[in-house]
Amino acid sequence: MKKDDVPFFHNIGVQSSDFEEARCFINSRIDDREVSPLSVSGSANNLLTCQPLGGSTLFGAQWSEKVHVQSDAQSTFHAILVLSGRIHCNALNQDITPNSLLLIAPGKLADLVWEKSTRSVVINLSRQTLIDKLGVPSLELLRDDTTIVPGNHQDAQLLKNGIECLAAQHQIYQGNIGVSVQEQWESLLVAQLSDQLHRPGTQNLTILPARIRLATDWVLANIWEPMSVCDLLRVTGARRRSLESGFRTYLNTTPAKFILRHKLKGVREMLLSDPDINIGDAAFSYGFNHLSHFTCKYQEAFGELPSETVRQRRNAHFVLPKKARSRKG
């Protein structure tokens, strides 16, 4: 993502000087908002983009004029990551500066003044996704206030890194990111926000600690890419000993074995489902560059050689239905 880009530009929703058009676009995809321009330069060109993410949606936004954005009480969590410029939050009487994060809880109002040319990413988090991913029965057990996470805070930095990676993937696939990958990214971003979403002073209710969940979701979201434990340390901000201890305690494995297992699982699923793929190509697509090493690890994991998996697929493909077998006999 270049310095002045609005993320997700392959999915442009609005590129127009018409503020009413922009308001209608927002309100068709998010809680109702009023959008009122506070400046007039005669050259307004607002840009709103979007990237579906499972049940949630990310929006890239740049208002070419100073605007006042207001909403009624929100139905779910919204997060705004400022990329450049400044947003003033009237509810807190504070500015959100570049790389800082504004989190608005359900039931709270959005009452924001965007300075001219401010670029941000707005995250509309699915209510059901939050309940499922955070392991809570309802959102009432989570944070119930509006808060600003400064740009030097680890949670804001992790979210920014995640959005930059997603924006790069959006660009590579020209906005056509598959649903399963969308869901993996949605899980990853929720994990990155996990500590901020929980009510301060209460026990974190996630099934996995936030950094362990963040690590596992990041692995699954990037399973086709080369990766190492060092990548997980960078993504989570954890120390190696702490991360490895968490994996052993909660997952009964190590980070390296977790990565290997899921890469092998991906290859196996590919061999079983794609009749046109060969073993070498399947292994290479998940980052295995040495076929003999891959074959050894595959056999250890599944108790059979990759060639036996392919044979199993072919045999299953040519088995006659029961009625056809009886007619043939």
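A short reminder: the numbers here are calculations on the coordinates, not readings from a lab. The structure presented is a predicted model; accordingly, all values stated were derived computationally and were not measured. As a convention, Cβ positions derive from the backbone with ideal geometry for all residues, glycine included, and neighbour counts pool all protein chains shown.
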**Q.** Potential lengthening between Asp95 and Cys24 on full extension [0.36 nm per residue; Cα-Cα distance subtracted]
**A.** 22.9 nm
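Only Cα pairs under 8 Å and at least 6 apart count here; give the relative contact order of segment 189-268 as a rounded whole percent.
27
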Q) So for the pair Ile12, Val179, with labels modelled 7 Å out along Cα→Cβ, what separation do we get in nm? A) 2.9
Q. Which of Glu304, Glu186, Glu34 moves most in a GNM of the chain, Cα contacts under 10 Å?
A. Glu304
(Q) Just to be sure I understand: with springs between alpha-carbon atoms less than 10 Å apart, which residue in Pro275, Pro150, Pro106 has the highest mean-square fluctuation in the Gaussian network model of the chain? (A) Pro275
Q) Tell me, in nm to one decimal, what length is gained between His68 and Gln299 on full extension, where the rule is 0.36 nm per residue of separation less the Cα-Cα distance? A) 77.1 nm
Q: Assign one of three labels to segment 172-263, namely rounded, prolate or oblate, based on the Cα gyration tensor with a ≥ b ≥ c the square roots of its eigenvalues; rounded applies when a/c is under 1.5, prolate when it is not and a/b is larger than b/c, and oblate otherwise.
A: oblate
(Q) Give me the base-10 log of I(q)/I(0) for the chain at each q in 0.13, 0.15 Å⁻¹, Debye formula, one uniform scatterer per Cα, rounded to two decimals. (A) -0.99, -1.20
Q) Using the Kyte-Doolittle scale, which helices in the chain average at least -1.0 and also have C-alpha atoms spread 18 Å or more along the helix axis, with helices defined as whole DSSP H runs? A) 154-172, 179-197, 255-273
Q. Which order, highest average first, do 92-104, 242-254 follow once you tally other Cβ atoms within 10 Å for each residue and take the mean per peptide?
A. 92-104, 242-254
Q. Can you list the HN-Hα couplings for segment 72-87, worked out from phi with the Karplus curve (6.51, -1.76, 1.60; θ = phi - 60°), rounded to whole Hz and with x for Gly and Pro?
A. 6, 4, 7, 8, 8, 6, 10, 10, 10, 9, 7, 8, 7, x, 7, 10
Q.
Is there a quick way to get the dipole size of the chain? I mean about its Cα centre, with the Cβ of Lys and Arg at +1 and of Asp and Glu at -1; what is the value in debye to the nearest 20?
A. 1720
Q) If the cut-off is a Cα-Cα distance under 12 Å, which aspartates and glutamates reach Lys66, setting aside same-chain residues fewer than 8 apart in sequence? A) Glu115
Q) Among Ser28, Ser56, Ser120, which one moves the most in a GNM of the chain with springs linking Cα atoms closer than 10 Å? A) Ser28
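Using the Cβ atoms and a cut-off under 12 Å, what net charge is assigned to the surroundings of Trp218, where Lys and Arg are +1 and Asp and Glu are -1?
On the way: positive: Arg211, Arg213, Arg234; negative: Asp217, Glu225, Asp231.
My count for the surroundings of Trp218 gives 0.
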Q: Would you pull out the residues with amide H under 5 Å of Ala91's amide H, same chain only if 5 or more places away, H placed 1.01 Å from N?
A: Asp111
(Q) Explain nothing, just the number: relative contact order of segment 97-192, from Cα pairs under 8 Å at least 6 residues apart, as a whole percent. (A) 39
Q. Over the chain, what relative contact order in percent results from Cα pairs under 8 Å that are six or more residues apart?
A. 12
Q. Modelled label-to-label distance, Arg199 and Ile131, 7 Å Cα→beta-carbon offset: nm?
A. 1.7
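Helix-derived [θ] at 222 nm for the chain: sum -39500 (n - 2.57) over DSSP H runs of at least 4, divide by residue count, nearest 500? Walk me through the numbers before you get to the answer.
Working: 12 runs with 145 residues, N = 329.
That calculation yields -13500 deg cm²/dmol at 222 nm.
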Q: Would you tally the net charge around Gly13, using a Cβ to Cβ cut-off of less than 11 Å, leaving Gly13 out, and scoring K and R as +1, D and E as -1?
A: 0
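Gain in length, Asp32 to Asp5, computed as 0.36 nm per residue apart minus the alpha-carbon separation, to one decimal in nm? Numbers along the way, then the final one.
Working: separation 27, 0.36 × 27 = 9.72 nm, distance 2.62 nm.
Stretched fully, the Asp32-Asp5 segment lengthens by 7.1 nm.
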